Amino acid sequence: MFDELQGFLKYLRDERCLSLRTLAAYEHDLHGVKAWALGQGLLGWAELTSHHIRVYTAERHRKGLSGPSLRRALSSLRALFRYLLREGGVGHNPADLIRPPKSEHRLPPHLDAETLGQLLDGIPADTPLGLRDRAIMELLYSSGLRLAELVSLNVIDIPSSDDLLRVTGKGEKVRLVPIGGLARQAINCWLAVRQGLAKPGEMALFVSRRGNRISHRAVQQRVDQQARHGGAPSHVHPHMLRHSFAGHLLEGSGDLRAVQELLGHADIGTTQIYTHLDFRHLAEVYDQAHPRARKKKDPGQ
């Protein structure tokens with residue numbers, strides 16, 4: 001039957017030490033494939049062939065499942081079959097060569113630099129919560145942090161001698177990211193009043209009005225609230241600030257590898273979603289750097 005799924009999830013939790021959110025994504029994807037396979041009369045993972053996976057992918061695509069969601073489901077399947085190969089449950093990985101249908105390449109939602117600058121400068125700084133919100137949003141944009149990374153920060157994580165922040169990202173991978181000057185200033189202003197809100201012994205950098213570590217949901221609500229107060233043209237969420245960080249940095253530098261490192265992306269393909277923000281700039285970088293990008297001058301000219 002399909003009982004190996006629980007063993008795989010236990011392996012991800014105990015040996016790979018994946019986060020609860022990532023585990024939930026694997027479980028959701030694989031239960032979806034399992035339900036479909038049972039509907040096809042299959043009795044176990046070993047009966048699932050490449051043809052079955054192609055049919056499943058095509059059906060889900062026709063029903064409106066997005067390209068990224070299909071890619072994630074296929075990635076989950078490939079990981080499951082690698083585990084089953086290791087355990088001797090199957091003889092090959094039928095998901096290895098399957099690719100999802102191409103979907104429209106959409107630019108991640110982001111704000112232009114001028115709008116974002118006005119939004120950040122307009123956050124009221126006359127209350128402790130206002131100072132906190134400004135520090136949160138400045139840091140999200142300055143360092144390209146994920147929401148979970150920001151919420152997990154402690155006071156001791158803020159460096160005292162330099163402007164490099166040590167961040168623990170997905171898969172417990174640690175990276176160093178810079179803290180911009182305005183973000184550092186906003187954090188210092190918040191730290192000056194933080195003690196008035198934080199409960200004794202609370203280690204979190206950002207706390208709620210009750211003095212505990214601020215929640216993911218609270219950050220989402222405060223970011224959107226401050227953005228609306230500042231006249232933002234659309235709904236603003238924390239990941240939009242991360243998208244803006246990546247897009248603006250790539251527009252200014254054209255250095256895809258550097259942006260990949262700063263974002264903490266394991267695969268540069270994930271970072272490439274930002275490359276068409278300013279393709280003309282990237283083309284200029286290519287023309288200047290690649291030895292065969294330009295035609296040689298005619299010796300007779």
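No lab work stands behind these numbers, since they all come straight from the coordinates. In this text, all values refer to a predicted model and were calculated from it rather than measured experimentally. Every residue, glycine among them, receives a Cβ derived from its backbone with ideal geometry; neighbour counts consider all protein chains shown.
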Review point. Counting other Cβ atoms within 10 Å, which trypsin sites (Lys or Arg not before Pro) in region 23-100 have at most 11 and lie in a DSSP loop?
Key: Lys63
Check your understanding: How far, in nm, would the chain grow between Ala125 and His28 when pulled straight, counting 0.36 nm per residue and subtracting the alpha carbon separation?
Key -> 30.7 nm
Review point. Suppose R0 equals 35 Å; then what is the FRET efficiency for Asp162 and Gln118 from their Cβ-Cβ distance, rounded to the nearest 0.05?
Key: 0.75
Revision key, fill the gap. Listing Ser75, Ser161 by rising number of other beta-carbon atoms within 10 angstrom, fewest first, gives Ser161, Ser75
Exercise for review: Mind checking region 122-207 for trypsin sites (Lys or Arg not before Pro) that DSSP puts in a loop (not H, G, I, E or B) and that have at most 14 other Cβ atoms within 10 Å?
Suggested key: Lys173
Review point. Is the shape of region 4-87 best called rounded, prolate or oblate, per the rule: a/c under 1.5 gives rounded, else a/b larger than b/c gives prolate, else oblate, with a ≥ b ≥ c the square roots of the Cα gyration tensor eigenvalues?
Key: oblate
**Study point:** Distance violations [Cα-Cα > 21 Å] among Lys63/Lys170; Lys34/Lys63; Lys173/Lys199
**Key:** Lys63/Lys170; Lys173/Lys199
**Study point:** Cα centroid separation, region 136-205 to region 64-104 (Å)
**Key:** 36 Å
Study note, to complete from the structure: With 0.36 nm assigned to each residue of separation and the Cα-Cα distance removed, Ala35 to Lys199 gains 54.3 nm
Practice item. Quickly work out the Arg99-to-Gln220 label distance, labels modelled 7 Å from Cα along the C-beta direction, and quote it in nm with one decimal. Key: 3.3 nm
Review point. Which stretch or stretches of region 61-104 have amide N atoms under 13 Å from the point lying 7 Å from Lys10's Cα along the Cα→Cβ direction?
Key: none
